[in-house]
Amino acid sequence: MAALRAWFAGAGFLEVETAALQVSPGNETHLHAFSTGLIGPDMIEHRRYLRTSPEFAAKKLLAAGEMRIVDFARVWRNRERGALHHPEFTMIEWYRAHEPYEALMDDCGAIIAEAARATGATRFSFRGREIDPFAAPQRLTVADAFAEYAGIDLLATISGGEGDRAALAGQAAQTGIGYGTDDDWGDIFSRILVEKIEPHLGNGRATILYEYPLPQAALARAKPGSDKVAERFEIYACGIELGNAFAELTDVGEQRRRFEAAMNEKQRIHGERYPIDEDFLEALAIMPPASGIALGFERLAMLAAGAEHIEQVIWTPVS
């Protein structure tokens with residue numbers, strides 16, 4: 001962590017420390033937050049959440065004029081536990097205002113190499129897979145990955161920014177991917193990604209999987225001139241997803257639409273929804289063009305240390 005802090009400082013980033021207690025923990029369908037009550041002097045209780053990401057707060061700082069920021073943020077996610085998941089962990093989240101998201105791709109390669117230098121590692125390995133941490137990451141579009149590893153024409157199942165469930169389901173069936181009758185386009189996409197694509201990512205060297213389909217854009221903007229893909233990427237090493245990056249969406253109306261659609265889906269599947277942070281949307285309206293990424297520190301530390309379980313690199317795991 002000291003080595004990475006030094007790297008960010010040398011690259012001109014200002015380290016910030018945003019609040020963990022938020023009005024909204026995030027608005028993603030399948031992320032679950034810890035909640036609590038904030039009681040003021042008037043004894044009125046207000047629902048608050050431990051953040052699942054520092055993203056909303058960080059973007060408010062970009063709107064206030066910061067240019068390059070990094071937050072070594074403690075975050076919390078409920079219903080997640082395993083070799084690669086812990087309910088409380090550290091997320092390194094950094095932003096570059098007025099810079100393209102390709103700059104974040106370069107950052108990722110440099111940070112992986114920096115982690116290796118800090119620990120003296122010459123190879124990263126996990127469950128039989130290895131990478132050279134000093135090799136430049138492979139760059140692969142999602143569409144090319146689906147074609148190469150699953151034989152699926154993904155872009156043919158997207159029109160006007162929306163996924164055609166029947167079209168993707170038909171191709172999935174031909175490749176032997178099972179799915180439920182209530183699975184939507186996104187569910188089937190995720191099944192294919194996990195079963196057919198991810199086993200091939202981050203072998204030999206890290207892989208940057210980029211140009212995610214627009215139905216999976218989250219907080220990313222559309223690629224200029226495209227109604228099929230977004231400027232979003234994820235980076236994998238030894239089959240582990242390390243980080244998730246966006247060229248940030250600044251269209252307030254479109255962001256609200258995505259949040260509301262995600263919360264409607266969350267209500268349908270999980271029976272709950274989280275509020276929308278209106279201050280965040282107001283900040284988004286004046287935020288400059290920017291690129292941002294969230295990277296799981298403990299996952300990177302696992303690879304650098306040769307650990308097999310995330311709790312081996314956490315000082316005091318949650319009991």
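Results for (1) part of a helix (DSSP H, G or I); (2) out of contact with any Cys (no Cβ under 9 Å at 6 or more places or on another chain), shown as yes or no for each residue.
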position: Ser125; (1), (2): no, no
position: Arg139; (1), (2): no, yes
position: Asp144; (1), (2): yes, yes
position: Ile152; (1), (2): no, yes
position: Leu155; (1), (2): yes, yes
position: Leu168; (1), (2): yes, yes
position: Ala172; (1), (2): yes, yes
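The residues in segment 186-238 that are charged (D, E, K, R) and more than 22 Å from Arg165 (Cβ to Cβ) can be counted, and the count is 5. Restrict the check to segment 165-174 and report whether at least one residue is closer than 18 Å to Leu209 by Cβ and either touching a strand residue (DSSP E or B) at 6+ places or on another chain (Cβ under 8 Å) or among the acidic types (Asp, Glu) (or both). No: zero hits. When segment 156-199 is limited to residues that are within 21 Å of Tyr236 (Cβ to Cβ) and polar (S, T, N, Q), the one that is modelled with the lowest pLDDT turns out to be Thr175.
Residues are listed down the side, and each one gets a yes or a no for (1) of a type in the set (Val, Ile, Thr); (2) touching a residue at least 24 places away in the same chain (Cβ under 8 Å); (3) farther than 24 Å from Arg74 by Cα:
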position	(1), (2), (3)
Cys238	no, yes, yes
Glu248	no, yes, no
Arg273	no, no, no
Leu281	no, yes, no
Ala290	no, yes, no
Ala294	no, yes, no
Arg299	no, yes, no
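The set of residues from segment 248-257 being crowded, with 19+ Cβ neighbours inside 10 Å and of a type outside the set (S, T, N, Q) comprises Glu248, Leu249.
If you filter segment 172-215 down to residues that are touching a Lys or Arg at 6+ places or on another chain (Cβ under 6 Å) and over 20 Å from Ile158 (Cβ atoms), you find that the one that is surrounded by the fewest Cβ atoms within 10 Å (Cβ to Cβ) is Asn203. Within the set Glu265, Glu272, Glu234, Glu278, the sole residue that is acidic (Asp, Glu) and within 27 Å of Ala103 (Cβ to Cβ) turns out to be Glu234. Selection of first residues in segment 195-216 that are free of Cβ contacts under 8 Å to residues at least 24 places away in the same chain and of second residues that are surrounded by fewer than 19 Cβ atoms within 10 Å (Cβ to Cβ), restricted to Cβ pairs under 8 Å at least 6 apart or on distinct chains, gives the following pairs, ordered by first then second residue: Glu195/Ile177.
Scanning segment 108-131 for residues that are under 19 Å from Leu4 (Cβ atoms) and touching a Lys or Arg at 6+ places or on another chain (Cβ under 8 Å) turns up just one, Ile131.
The values are calculated or read from the model by the stated rules, or taken from the named source; none is laboratory data. The shown structure was predicted, so the numbers you read here are calculated from the model rather than taken from an experiment. Glycine gets a Cβ as well: all are built from the backbone with ideal geometry, and neighbour counts include every protein chain shown.
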